[in-house]
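The block underneath contains the structure these notes are about, expressed in structure tokens.
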Amino acid sequence: QVQLVESGGGLVQAGGSLRLSCAASGRTFTIYGTGWFRQAPGKEREFVAAITWTGDNTYYADSVKGRFTISRDNAKNTVYLQMNSLKPEDTGVYYCAADGATVPRGVGIKYNYWGQGTQVIVSS
């Protein structure tokens with residue numbers, strides 16, 4: 001089993017920055033990839049960014065390219081999402097997902113592990 005714990009959410013003004021963390025524990029050696037998803041009130045969950053556990057490859061939704069950066073710290077088993085130039089439409093609950101066979105990038109797919117989510121609110 002793998003446990004994922006997100007942190008770093010909060011309230012920020014438009015144009016500001018936040019860094020989210022997803023700390024993995026347990027059988028982390030079984031993880032192939034990790035992704036960030038978000039869900040705004042009344043909307044479906046959407047893909048934000050993903051990274052292979054080795055850090056070799058990264059993936060981004062078009063809506064966040066150039067503003068968000070995903071990275072990982074091998075020593076800490078932690079994946080980060082640096083969010084810059086935040087917009088009100090970035091508001092939502094951000095979830096971390098991990099899977100042992102693929103990089104989590106699809107919506108509506110039951111990946112192996114999910115965190116509890118962290119709230120991000122961007123005010124205009």
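Give the long-range amide H neighbours of LEU86: residues separated by 5 or more places, or on another chain, with amide H under 5 Å away, using H modelled in the peptide plane at 1.01 Å from N.
GLY15, GLY16
Please compute the Cα-Cα pair-distance distribution of the chain with 5 Å bins starting at 0, giving whole percents from short to long.
Bin by bin from 0 Å, the calculated values are 2, 13, 24, 27, 19, 10, 4, 1, 0.
Work out, step by step, the length gained on full extension between SER71 and SER124: first 0.36 nm times the residue separation, then minus their alpha carbon distance; give nm to one decimal.
Working it through step by step, the gained length comes to 16.4 nm.
Can you send over the solvent-accessible area of LEU4, 1.4 Å probe, protein chains only, in Å² to the nearest 10?
In the full protein context, LEU4 sits at about 10 Å².
Amide H to amide H, which residues 5 or more places from VAL2 or on other chains are under 5 Å from it, using H placed in the peptide plane?
Distant-sequence amide H within range of VAL2: ARG27.
Taking LYS87 as the anchor, which lysines have their alpha carbon closer than 19 Å to its alpha carbon, excluding any fewer than eight residues away along the same chain?
LYS43, LYS65
Pop out the ³J(HN,Hα) list for the stretch 95-102 in order, Karplus 6.51 cos²θ - 1.76 cosθ + 1.60 with θ = phi - 60°, rounded to Hz; leave Gly and Pro as x.
In residue order, the calculated couplings are 10, 9, 10, 9, 9, x, 10, 8 Hz.
Of all accessible surface on the chain at a 1.4 Å probe, what whole percent is carbon and sulfur?
That share works out to 47 percent.
Counting heavy atoms of the protein chains only and a 1.4 Å probe, report the per residue accessible area for the chain as a whole number of Å².
On the way: 6270 Å² over 124 residues.
Heavy-atom SASA per residue in the chain reads 51 Å².
At 0.36 nm per residue, minus the direct Cα-Cα distance, what do ALA101 and GLN116 gain on full extension? Give it in nm, one decimal, please.
Going from the current span to full extension adds 3.3 nm.
The values are calculated or read from the model by the stated rules, or taken from the named source; none is laboratory data. From a predicted model like this one, the values you see are computed outputs, not experimental measurements. Note: areas computed on protein heavy atoms with side chains; ligands, DNA, RNA excluded. Shrake-Rupley method; radii C 1.70, N 1.55, O 1.52, S 1.80 Å.
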